[in-house]
Amino acid sequence: MMSPYGRALQAEILKLRNTLALRLTLIAPLVVVGLVTVQWLMQGRSPVPSDALPARVWADFAGAVLGIFVILMLPLYVTLQSALLAQLEHQDRQWKHLLALPLPRSSYFVAKLMALALLVALSMLVLTVLIPVVGSLLHLRASIPIAGWPDLIDIARSLGRVYLCAALLIVLQACIALYWKSFTVAVSIGMSATVMGFIIGQSSEFGPWFPWTMPIQPLTRHPAPEQVMLISSLAAVLMAILAAYEFERREFFD
Amino acid sequence: MLAIESTKLTRRFPQGGGISGLDLAVPTGSLYGFVGPNGAGKTTTIRLLLGLLRQQSGAVLIDGAPASRTTRAKLGALIESPSVYGHLSGYDNLDVTRRLLDKPRAAIHAVLDRVGLRYAAHQRASDYSLGMRQRLGLALTLLAAPSILILDEPSNGLDPQGIADLRVLLRSFVAEERMTLMVSSHLLSEVEQTATHIGVLYRGELKFQGAITELLAKARPLVYVGCDRPTEAAALLHGAGIDAVQVDSRLRIDSAVPPHVVNRRLVDAGLRVNELISERPSLESMFFGLTQAAEGG
């Protein structure tokens with residue numbers, strides 16, 4: 001017999017059917033890989049020297065894709081996905097139905113958080129697959145000496161680090177979207193924080209500890225990205241426990 | 001035996017409203033009509049019964065046990081509008097709740113049949129009419145196979161046919177499935193037709209609770225008399241100690257005097273009686289009687 005938490009996650013996955021949230025897992029990485037590919041194909045000067053090794057070309061291409069994805073797309077993606085997932089319950093006042101069922105209230109919170117974490121992981125997986133698939137279009141430009149396949153293990157390792165550094169951001173945005181009923185509030189906070197991240201992220205003192213710029217750290221020259229990964233993961237777990245506790249005792253008026 | 005019981009249940013809000021010292025007693029197997037005007041505290045009470053809100057004082061018992069997550073397994077609840085995922089089909093909506101409750105798939109077909117929605121099971125819920133959504137909402141509450149069903153304004157927005165269908169369905173839950181139903185409504189005529197018991201809530205306080213027959217028995221029937229000389233007839237009845245008020249061309253008699261006695265007096269005095277109506281007061285008039293009494297202190 002499955003635990004209430006497992007059942008709530010199963011239900012959460014079923015709710016994703018026919019949703020924009022599910023489509024975004026493909027659209028968001030596709031937009032980034034597509035944009036970088038178009039940029040490499042269209043820009044005046046070749047983005048890599050004509051005598052560069054193919055492995056180096058793939059590494060540069062993957063680096064460019066990961067850079068844009070992590071700096072710009074990831075915080076916006078987490079913001080939008082968390083808001084879309086929360087709106088599934090806020091929109092038609094689903095809470096009153098769900099919370100009247102004999103499941104622990106925290107199971108809904110944990111399931112929602114897990115669904116968001118899965119969607120983020122899925123988008124990163126899609127990104128890893130799309131880099132060689134869409135990137136193979138670079139063959140269209142003869143001056144780019146591309147051949148073979150990129151180092152997918154290296155890409156996956158980088159994204160794994162990014163994922164751990166994004167753990168706190170994921171929990172934070174989930175809490176914001178679930179706490180406030182309004183879609184606008186959740187999206188506004190996420191977007192404002194992303195924009196603030198452009199400034200804060202440049203500070204070597206504050207950048208590594210601002211949740212919206214923490215995921216960038218494994219891609220920068222941060223002296224100890226493991227430290228950021230550890231702090232982000234621990235803070236995410238702590239925050240999730242506190243939020244689940246708050247969710248358990250919260251009153252629902254809608 | 002009481003299916004739902006509350007003792008001195010209180011929850012007030014800083015901005016006003018809420019309920020005070022509510023002693024609910026919903027007998028097992030009854031169809032309990034919970035009536036009151038908008039803002040009386042019906043939804044607050046239901047949210048307290050379901051644990052969506054916390055009481056400031058008092059207690060809730062479900063089948064004699066303090067309300068908890070365990071007792072919630074006995075309850076099915078539909079609060080105001082049904083909570084439906086519009087992007088999913090009716091079937092998938094039920095599947096979401098079925099997974100949460102860990103019920104077999106067969107339960108979905110059973111409740112779809114019960115509410116007559118099988119034909120539209122694979123249609124998107126956003127394409128459902130209001131009546132279909134209401135039936136889907138009921139099906140969602142039935143998935144848990146509850147022994148107690150709490151419905152908050154279930155006929156809201158339904159057309160007359162939808163209301164009639166709902167009435168039949170609710171009656172069958174009590175008669176065939178031995179459920180206890182607590183139905184909050186501001187449609188008094190609807191409650192009068194379905195409920196066996198009633199609780200009248202006004203400004204957060206219960207003004208009456210008991211069998212509906214008990215409430216109606218408290219009211220004296222009204223007698224309307226149409227005759228050829230109403231002014232003379234009113235004076236004649238006054239003389240006999242019967243209070244009669246002339247309303248247009250008719251007399252209204254609000255007393256325990258049987259209609260045939262009134263008729264005999266008038267006919268014996270040579271008046272021509274052409275209309276004699278004995279009218280049982282409606283729940284609506286009883287309700288206004290109770291709430292106006294509360295208004296007057």
Select from the range B:247-290 the residues that are farther than 18 Å from B:Glu214 by Cβ and hydroxyl-bearing (Ser, Thr, Tyr) and write down the one among them that is surrounded by the fewest Cβ atoms within 10 Å (Cβ to Cβ). B:Ser249
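Residues in the range A:103-124 that are polar (S, T, N, Q) and more than 13 Å from every other protein chain (Cβ to nearest Cβ): how many? Before the answer, list the steps.
Of all residues in the range A:103-124, those polar (S, T, N, Q) come to A:106-107, A:123.
If we keep only those that are more than 13 Å from every other protein chain (Cβ to nearest Cβ) too, we end up with A:123.
Result for the range A:103-124: 1.
Before we move on, is A:Phe252 within 14 Å of chain B (Cβ to nearest Cβ), surrounded by 20 or more Cβ atoms within 10 Å (Cβ to Cβ) and in contact with a Leu (Cβ under 8 Å, 6 or more places away or on another chain)?
Values: within 14 Å of chain B (Cβ to nearest Cβ): yes; surrounded by 20 or more Cβ atoms within 10 Å (Cβ to Cβ): no; in contact with a Leu (Cβ under 8 Å, 6 or more places away or on another chain): yes.
In short, no.
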Every residue in the range B:258-284 that is of a type in the set (Val, Ile, Thr) and in contact with a strand residue (DSSP E or B) (Cβ under 7 Å, 6 or more places away or on another chain), please. B:Val262, B:Val267, B:Val273, B:Ile277
Could you list, in sequence order, all residues of the range A:181-227 that are of a type in the set (Phe, Trp, Tyr) and either under 18 Å from A:Tyr77 (Cα atoms) or crowded, with 20+ Cβ neighbours inside 10 Å (or both)? A:Phe183, A:Phe198, A:Phe210, A:Trp212
Taking the range A:131-164, which residues are hydroxyl-bearing (Ser, Thr, Tyr), in contact (Cβ under 8 Å) with a residue 24 or more places away in the chain and farther than 22 Å from A:Thr220 by Cβ? A:Ser143
How many residues does the range B:218-246 hold that are surrounded by fewer than 18 Cβ atoms within 10 Å (Cβ to Cβ), under 40 Å from the mean Cα position of the chain (by Cα) and in a helix (DSSP H, G or I)? 2
Are any of the residues in the range A:83-92 away from chain B (no Cβ under 14 Å) and either surrounded by fewer than 19 Cβ atoms within 10 Å (Cβ to Cβ) or of a type outside the set (Lys, Arg) (or both)? yes
Determine which single condition B:Gly33 fails, assuming it passes every other condition in (1) within 22 Å of the chain's Cα centre (by Cα); (2) without any contact (Cβ under 8 Å) to a residue 60 or more places away in the chain. (2)
Against the definition (touching a strand residue (DSSP E or B) at 6+ places or on another chain (Cβ under 6 Å), under 18 Å from B:Val183 (Cα atoms) and touching a residue at least 24 places away in the same chain (Cβ under 8 Å)), how does B:Gly18 come out, yes or no? no
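Look through B:Asp102, B:Asp152, B:Asp95, B:Asp159 and report the one residue that is within 11 Å of chain A (Cβ to nearest Cβ) and either touching a strand residue (DSSP E or B) at 6+ places or on another chain (Cβ under 7 Å) or at pLDDT below 90 (or both). Lay out the reasoning, then the answer.
Numbers: B:Asp102 fails: either touching a strand residue (DSSP E or B) at 6+ places or on another chain (Cβ under 7 Å) or at pLDDT below 90 (or both); B:Asp95 fails: either touching a strand residue (DSSP E or B) at 6+ places or on another chain (Cβ under 7 Å) or at pLDDT below 90 (or both); B:Asp159 fails: within 11 Å of chain A (Cβ to nearest Cβ).
None of the other options fit; the residue is B:Asp152.
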Among (1) of a type outside the set (Asp, Glu); (2) at pLDDT below 85; (3) not in a loop (DSSP other than H, G, I, E, B), B:Leu276 falls short only on (2)
Please determine whether any residue of the range B:274-285 is under 25 Å from B:Gly33 (Cα atoms), aliphatic (A, V, I, L, M) and touching a Ser or Thr at 6+ places or on another chain (Cβ under 8 Å). yes
Please pick out the residue among B:Asp268, B:Asp248 that is among the acidic types (Asp, Glu) and at pLDDT below 85. B:Asp248
Test of understanding: among A:Leu101, A:Leu119, which residue is over 20 Å from A:Phe69 (Cα atoms) and surrounded by 18 or more Cβ atoms within 10 Å (Cβ to Cβ)? A:Leu101
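Within the range B:247-272, which residues are in a helix (DSSP H, G or I) and either under 14 Å from B:Leu222 (Cβ atoms) or under 40 Å from the mean Cα position of the chain (by Cα) (or both)?
As a first pass, look at the range B:247-272 and keep what is in a helix (DSSP H, G or I): B:259-268.
Within the range B:247-272, B:Pro259, B:His260, B:Val261, B:Val262, B:Asn263, B:Arg264 meet the criteria.
How many of the residues in the range B:71-95 are in a strand (DSSP E or B) and crowded, with 22+ Cβ neighbours inside 10 Å?
Step one: of the range B:71-95, the residues in a strand (DSSP E or B) are B:75-79, B:89.
Okay, now just the ones that are also crowded, with 22+ Cβ neighbours inside 10 Å, so B:75-79.
Here the count works out to 5.
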Looking at the range B:114-197, what helices (runs of 4 or more DSSP H) fall wholly within it and have at least 1 residues that are surrounded by fewer than 21 Cβ atoms within 10 Å (Cβ to Cβ) and in contact (Cβ under 8 Å) with a residue 60 or more places away in the chain? B:160-177, B:188-194
Lone unmet requirement of (1) among the polar types (S, T, N, Q); (2) in contact (Cβ under 8 Å) with a residue 12 or more places away in the chain; (3) out of contact with any helix residue (DSSP H, G or I) (no Cβ under 7 Å at 6 or more places or on another chain) for B:Ser83: (3)
So which residues in the range B:96-111 are surrounded by fewer than 23 Cβ atoms within 10 Å (Cβ to Cβ) and of a type in the set (Lys, Arg)? B:Arg99, B:Lys103, B:Arg105
Taking only pairs six or more apart or across chains, which ones have beta-carbon atoms under 9 Å, a first residue in the range A:91-119 that is acidic (Asp, Glu), and a second residue that is not in a helix (DSSP H, G or I)? A:Asp92/B:Ser81; A:Asp92/B:Pro82; A:Asp92/B:Ser83; A:Asp92/B:Val84; A:Asp92/B:Tyr85; A:Asp92/B:Gly86
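Among the residues of the range B:30-70, write down those that are within 8 Å of chain A (Cβ to nearest Cβ) and not in a loop (DSSP other than H, G, I, E, B). Talk me through it step by step, then tell me what you get.
Our first condition is that a residue be within 8 Å of chain A (Cβ to nearest Cβ); within the range B:30-70, this holds for B:47, B:50-54, B:69-70.
Matches in the range B:30-70: B:Arg47, B:Arg69, B:Thr70.
The values are calculated or read from the model by the stated rules, or taken from the named source; none is laboratory data. If you're wondering where the values come from, they're calculated on a predicted model, not measured in any experiment. A quick note on method: Cβ atoms are made from the backbone with ideal geometry, for glycine too, and the neighbour counts reach across all protein chains shown.
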